[in-house]
Every structure is written in structure tokens, then in C-alpha cells.
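*Asks:* Here you go, one structure.
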Amino acid sequence: MAAQIIDGKAFAATVREKVAGHVARLKEENGITPGLAVVLVGEDPASQVYVRSKGKQTVEAGMNSYEHKMDADTSEEDLLAVVNQLNNDPNVHGILVQLPLPAHLNEDLIINSIDPAKDVDGFHISNVGLLGTGQKSMVPCTPLGCLMMLRDHHGSLSGMDAVVIGRSNIVGKPMAQLLLGDSCTVTIAHSRTKDLPDVVRRADIVVAAVGRPEMVPGDWIKEGATVIDVGINRIERDGKNKLVGDVDYASCAERAGAITPVPGGVGPMTIACLLANTVTACCRANGLAEPEGLTA
Ligand code: NAD
């Protein structure tokens, strides 16, 4: 059986359309334009690409984009001052500090200085706690995108066996919380998991967020399972640079019922969900109804 391809690129376009529609209504009916501020410290080339892309898509959705570029040797005090200024700016509804930060800056301290209501990355400890206790929170963008695609494909996820490979704070852990929230039976696997193939073979849903190219072969996949590949790995093959996921796409697609490709799967959903979170934060800040289908 050939797997159905879950087209994240197309799905992200529908999310961005919904966001843009909601932004237009907020402007017309309430005179409010949602605003997203992105803070970039240093000159990491990959971060610069992400920040540019975030700014462009924010503007395309009709929102205001504010970029704060700071030198690599910026002090913690100066960065905290910028975050504080954004926390107090009523035109800014979402704040994102691009990670990783230069080594001399304490990431936890900086992230936890963001107003949790504006924390559109969902990394603030308050949002982590709210998500973990099933309360309304800001949800990390990549796992939110995965959840949206799974709900779209399956409808209800209730009672399904889900295995998340990877336990990072950014992807693995919040992904597991979201699946638990949708009543899956969730296993979090990681680098010390015993007999990973056996654990993965039990899963109706496999979310791979490891950062190891093509680590999951097809024979670990239960016939008909849904495979969500979060991994983005740059490799060289046949003398060419190539982007591959954490699962071996060809062999997994032979056994899976549905699978996300890399590129064009989870990747495009991440920024779409950042835009969705910004609109959600803006609605909450103004006591307005949240857009449907854009939150967990
Ligand atoms: P991370 O390095 O923080 O965490 C990786 C996790 O994988 C760890 O919890 C570790 O225990 C686990 N792991 C490592 N080796 C393993 C093994 N052999 N078996 C089982 N588990 C193992 O990574 P991360 O930030 O969670 O990112 C994971 C991947 O997802 C990376 O490829 C990253 O580029 C990608 N990513 C993609 C997006 C997106 O927008 N699509 C967003 C974030 C991360």
C-alpha cells in the first residue's frame, strides 16, 4: 500500500489564508492590527534566513512585523531591556527571541522574561505548565503544526497509540502533551530507550523529532500508521546537498498509511503556526473570540 502524502506546504497555505482572513476582520471590525516582534541577536546565517522568512510571511498575512537586530556581543541587560520594552508595547501582540542565542546569554532567563501572553513560541515556563495541565496556553509552533495535520487527516485521535521519538523542550515534550490532550496513549522515546524498533512498531502515530538523518527505517513502521517527520537534516548524497528527515522516506512510505515528506511536510507549518499564535495572542489581549481551528 502506498502511503498518502500529507502535503504540509498546501496545508500551511490554508492556515495562512485563515490567519489573513482573521487579520482582515480584526482590522475592519475592531481597528486592530496584530503585531509580531522578532529579536535576533548575532549573525547566525540560518537564524537570519528564518527571521527574514518570518517577517515576510507576517506582512503577507496583513500583520505588522517588527525586527530587532542586536549585535552578537549584546549584554543580557540590554536584551532584557528590549524584551521589557516589547512586553509593554500595546502594538506588539507576539514576541519571539530567535534561538539559539550566543553562548554568553542565558536562554531560559531571556525566554522567561517574555510576557507569557505574548510568548508566541510557547517556550515560557508558564505556558509549558499551562499546556501540561491542559489549560489554555500559547503552544509551541512545530508541535502545533503536527497536531493540526494529524487532526486534519484523522479527525479524532482518541485512543490511538502515539510514539514521539525525541524529548526536547521545543518539539518532543510539547508534542507528547498535545497528543495526550487529544486522548492518545503516548510514549516518549529517546536516546536511552530500550528496543526502539519494538516501541515504534506499536504506534498508530509516529512523530520523529531526533535530528538524525533517515534513522527510522520502514520495517519499524506498523502497516497503515501515520508518520510525521519533524527532522530537517542536510546531507550530501551523490555529490549534491540534500534535505532529508529523520525517517527513511522511501521505505516508510511503503508501509505507512500517511506520511509527511521532507521538505514540504512539517517545515512550512511552523511559521504558519507562528502567525496563527500571533492572531490568537492578539484576540486574547483584546478580549475577542479566538479564530477557530488555529489553536490546540
Ligand atoms: P534536540 O537535539 O533538542 O533533541 C533530539 C532528541 O532526540 C533528544 O531528546 C534525544 O534524546 C533524541 N535522540 C537522539 N538520538 C536518538 C536515538 N538514537 N534514538 C532515539 N532518540 C534519540 O532536537 P530538536 O530541537 O527536538 O529537533 C529535532 C529535529 O527536528 C532536528 O532535525 C531539527 O532540525 C528538527 N526541527 C524541525 C522543525 C521544523 O520546523 N520542521 C522545528 C524544530 C526542529
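The values are calculated or read from the model by the stated rules, or taken from the named source; none is laboratory data. Owing to the predicted nature of the structure, the values given are computational and were not obtained by experimental measurement. All Cβ positions, even for glycine, are placed from backbone atoms using ideal geometry, and neighbour counts span all protein chains on display.
*Asks:* If ASP198 meets every condition in (1) surrounded by fewer than 16 Cβ atoms within 10 Å (Cβ to Cβ); (2) within 14 Å of the ligand (Cβ to nearest atom); (3) in contact (Cβ under 8 Å) with a residue 12 or more places away in the chain apart from one, which number is that one?
*Replies:* ASP198 satisfies all of (1) surrounded by fewer than 16 Cβ atoms within 10 Å (Cβ to Cβ); (2) within 14 Å of the ligand (Cβ to nearest atom); (3) in contact (Cβ under 8 Å) with a residue 12 or more places away in the chain except (3).
*Asks:* Is it the case that some residue within segment 81-89 is at pLDDT 95 or above and touching a Leu at 6+ places or on another chain (Cβ under 8 Å)?
*Replies:* In the first step, residues of segment 81-89 are kept if they are at pLDDT 95 or above; the result is 81-89.
The next check asks that each one be touching a Leu at 6+ places or on another chain (Cβ under 8 Å); those that pass are none.
Checked against the condition, which is being at pLDDT 95 or above and touching a Leu at 6+ places or on another chain (Cβ under 8 Å), segment 81-89 yields no hits at all.
*Asks:* Another one. Check every one of the strands (runs of 3 or more DSSP E) wholly within segment 196-296 and list those with 2 or more residues that are over 23 Å from ALA46 (Cα atoms).
*Replies:* It comes to 205-208, 226-229.
A quick yes/no check of all residues on (1) touching a residue at least 12 places away in the same chain (Cβ under 8 Å); (2) away from the ligand (no atom under 11 Å from the Cβ); (3) more than 19 Å from LYS173 (Cα to Cα); (4) of a type in the set (Ser, Thr, Tyr):
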| position | (1), (2), (3), (4) |
| --- | --- |
| VAL186 | yes, yes, no, no |
| ARG212 | yes, no, no, no |
| ILE232 | yes, no, no, no |
| LYS240 | no, yes, yes, no |
| GLU254 | yes, yes, yes, no |
| GLY264 | yes, no, yes, no |
| GLY267 | yes, no, no, no |
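*Asks:* Can you tell me which residues in segment 151-174 are buried (at least 24 other Cβ atoms within 10 Å of the Cβ) and either basic (Lys, Arg) or more than 9 Å from the ligand (Cβ to nearest atom) (or both)?
*Replies:* ALA162, VAL163, VAL164, PRO174
*Asks:* Would you be able to say whether some residue in segment 129-150 is away from the ligand (no atom under 14 Å from the Cβ), surrounded by fewer than 19 Cβ atoms within 10 Å (Cβ to Cβ) and closer than 23 Å to VAL210 by Cβ? Full working, then the answer.
*Replies:* Residues of segment 129-150 away from the ligand (no atom under 14 Å from the Cβ): 129-138, 150.
Those still in the list that are surrounded by fewer than 19 Cβ atoms within 10 Å (Cβ to Cβ) too: 129-130, 132-136.
Now restrict to residues that are closer than 23 Å to VAL210 by Cβ: 132.
Looking through segment 129-150, at least one residue is away from the ligand (no atom under 14 Å from the Cβ), surrounded by fewer than 19 Cβ atoms within 10 Å (Cβ to Cβ) and closer than 23 Å to VAL210 by Cβ.
*Asks:* Now for a different question. Return only the number of the condition from (1) more than 16 Å from the ligand (Cβ to nearest atom); (2) of a type in the set (A, V, I, L, M, F, W, C); (3) not in a helix (DSSP H, G or I) that LEU180 does not satisfy.
*Replies:* In the conditions (1) more than 16 Å from the ligand (Cβ to nearest atom); (2) of a type in the set (A, V, I, L, M, F, W, C); (3) not in a helix (DSSP H, G or I), LEU180 misses (3) alone.
*Asks:* Within segment 22-49, count every residue that is buried (at least 18 other Cβ atoms within 10 Å of the Cβ) and of a type in the set (Ser, Thr, Tyr).
*Replies:* Total satisfying the criteria: 0.
*Asks:* Right, another one. Scan the helices (runs of 4 or more DSSP H) fully inside segment 62-142 and keep the ones with 3 or more residues being among the polar types (S, T, N, Q).
*Replies:* Details: elements: 76-87, 107-111, 125-132.
Answer list for segment 62-142: 76-87.
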